[in-house]
1. Hey, which of the helices (runs of 4 or more DSSP H) in the stretch A:51-140, taking only ones fully inside, have at least 3 residues that are over 13 Å from the mean Cα position of the chain (by Cα)?
2. Can you pull out the residues in the stretch A:44-69 that are crowded, with 17+ Cβ neighbours inside 10 Å, away from chain B (no Cβ under 14 Å) and either touching a residue at least 40 places away in the same chain (Cβ under 8 Å) or more than 10 Å from DNA strand D (Cβ to nearest atom) (or both)?
3. Keeping to the stretch A:182-199, report how many residues are more than 22 Å from residue B:138 (Cβ to Cβ) and open to solvent by 20 Å² or more (accessible area, probe 1.4 Å).
4. May I ask you to verify whether residue B:184 is in contact with a helix residue (DSSP H, G or I) (Cβ under 6 Å, 6 or more places away or on another chain) and assigned to a helix (DSSP H, G or I)?
5. Given the options A:174, A:135, name the one that is of a type outside the set (D, E, K, R) and open to solvent by 40 Å² or more (accessible area, probe 1.4 Å).
6. For the stretch B:154-175, name all the residues that are within 14 Å of chain A (Cβ to nearest Cβ) and either among the aliphatic types (A, V, I, L, M) or without any contact (Cβ under 8 Å) to a residue 24 or more places away in the chain (or both).
7. Going through A:181, A:197, A:164 one at a time, which residue ends up being more than 20 Å from residue B:204 (Cβ to Cβ), at pLDDT below 90 and in the same structural domain as residue A:124 (by TED's automatic domain parsing)?
Number of protein chains: 2
Amino acid sequence: MSPSSPPSSKTPADAPRTAAPRRRQRLSTEERERQIIEGAIQFFSEHGLAGQMRELATTIGVSHPLVFHYFPSKKALIERVYAEVYLGRWKPEWEHRVKDRSEPFEERVTRVYIDYARTILTKEWVRILIHSALADGYINDNYLTLVGERLLRPIIGETRIELGLDDDREPTEAENELIWGLHGGIFYIGVRHWIYGHKFPENLPQVVTDRVRAFVLAAREIFPREAGKPAG
Amino acid sequence: MSPSSPPSSKTPADAPRTAAPRRRQRLSTEERERQIIEGAIQFFSEHGLAGQMRELATTIGVSHPLVFHYFPSKKALIERVYAEVYLGRWKPEWEHRVKDRSEPFEERVTRVYIDYARTILTKEWVRILIHSALADGYINDNYLTLVGERLLRPIIGETRIELGLDDDREPTEAENELIWGLHGGIFYIGVRHWIYGHKFPENLPQVVTDRVRAFVLAAREIFPREAGKPAG
DNA sequence: TCCGCTTTTGACCAACTGGTAAATTGTTAG
DNA sequence: CTAACAATTTACCAGTTGGTCAAAAGCGGA
C-alpha cells in the first residue's frame, strides 16, 4: 500500500504512516466480544469464510491478535457466527402456528412465511448460508434438517388434512418438491437480491402471499395424485 | 494421512514416496489445453474459485507451472471456465420455442424448461455459478441479464397474450416475482442437490411440469391484477 | 542416429495468512 | 499516587500460494 516510505517521520502532527495511529481503547470483555462477533458477521457475509483475520480485525478497528485473544481460532469464531445468526433467529412458534387450526390453512401458512421471510431475508443470513454451504456444508446438516422437520413436514401434514387426505404416510417426491419449491423460492428472493444484486421486492408480504397461493393451488392437483398408492 | 512411515525404501519396486514418479507425457497443445479446462471446471466446482493452482494441477496430473504455460494467470483460466460452462451451454432455441404459437402455451413453457433444467442442473453449472456470484458477481451481470431478456421477458409477454392482456407494458413487480419464482425454483433444485446434498428428483420432467403448472395457475390470478393500471 | 523445437518440470521468490509470545498501556483498587 | 491486573499491540514464525525461469526431456524430421 504505502509506496515504500520508511518509518522516519517525527512530528506528531504527521499524516499516519499505514493507518490511523490507532488510539488504544480498552473495552470490557463483553463489549469487545460483542463487537468482534457483530463485525465478523458483517465481514464474513461480505468476504466469505475465507476472508482474512487481519482484514476483519482492521474493519473492527483492532489488531488481529486481539481477535485471537477472544476466540481461540478462526474456526471457533465462525462457529460462533453460525450459532448467532442461524440458531439464534429460529422461532419455535412457526411450527406451532402452522398447526394452529383455529385459523384457516392458507392464512396460517402465509403468515408464518411472511414472518419467516422477514427473519431470514437479510444480507448476513443469506450470504453466510451460501458461503458455508459451498465451503463445508456445516450449516446445512443442522439448519436444513431443522427446516425440514419443524416447518416443511408439518406443512405437508396440514396440507393433506386440508385436502381431506390420509396424513400418516411419508411425503411423496412430488409433495416434497412442491413444498421445497415454495421454501426455496422464498430463500431465493434473498439470493437474487444479496448475491445477484437484483432489486428487493417492494411489497414482500404480497410476494410471499402470492407464492403460498401458488403452492396451495398446485397442491390441490398434486397432493391427491398418489394419495391412494402405498407408501415407499 | 500415512501414519508416520519414514521414507526408508530403496528398491525400485517400492511404493512411490510422495506421488507417482510422474511419467512425463507430451500432448499436443490442443489436447493439453482441453484437459486443463475440463479439469479446472471439475476442480473449481468442487473446491471453489479459491482452490489452489497446485492442487488443480495435481488432479490433472501435471505440474503447476504447466498450467501457467497455457493460461497466463489464474484469473484467465477462471474466465475461460465461465465462457465454456455458461455461454457455451446457452441455447438460443429456447427463446424461439417460447414464442412458437403453433404449440399450446403451457406446453411450450414446460418443454423449454424441461430442456433448460436438463442443461443447467449439473454439478459444475450450479456450483460454479454460486461460487462466482459470491466471489465477484462476474457471471451474474452477464448470465442473468441474458436469462431475463431472452427467456423470462418473452415468457411474461406470452403469458399476457395467453390471458388476453395488453402485452406492451413493463412487467409489474408481481409478474416479475412470479416468473423469477419459477426460474429460481428450478435452479434451486440444483442448489438443494449439489450444494445442500439433498437427493435429486427421480422424475425431473414431472417436477418441472408441476412447477410450470403452479406458475400458470397463479398467473391467472396475478397477471390480470394490475393489467389496467398505468405502467411504472 | 542425432538435431532442434516445444512441452514439461524442479527450484525458487515474494507476498500472504493463521497463530504465538512477549512487551505495552489503560484502568482500577488501595 | 502507585501497584497490579487485564486488555491490547508489536514483532515474529512457519506454512501456503500465485507466479517465474532456466534446465530437462519427449518427439519429429533429416
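1. Values: elements: A:53-60, A:64-70, A:74-85, A:93-99, A:105-120, A:123-135.
Per the criteria, A:53-60, A:64-70, A:74-85, A:93-99, A:105-120.
2. Matches in the stretch A:44-69: A:53, A:56.
3. Qualifying residue count for the region: 0.
4. So residue B:184 fits the description; yes.
5. Residue meeting the stated conditions: A:135.
6. Going residue by residue through the stretch B:154-175, those that are within 14 Å of chain A (Cβ to nearest Cβ) are B:159, B:170-175.
Scanning the stretch B:154-175 gives B:171, B:173, B:174.
7. Numbers: A:181 fails: more than 20 Å from residue B:204 (Cβ to Cβ); A:164 fails: at pLDDT below 90.
Exactly one residue qualifies, and that residue is A:197.
The values are calculated or read from the model by the stated rules, or taken from the named source; none is laboratory data. What you are looking at is a predicted structure, and each value in this text was computed from that prediction instead of being measured. Using ideal geometry, Cβ is built from the backbone for each residue, glycine included, and neighbour counts are taken over all protein chains shown. What goes into the accessible areas is simple: the full protein's heavy atoms, side chains included, and nothing from ligands, DNA or RNA. Shrake-Rupley method; radii C 1.70, N 1.55, O 1.52, S 1.80 Å.
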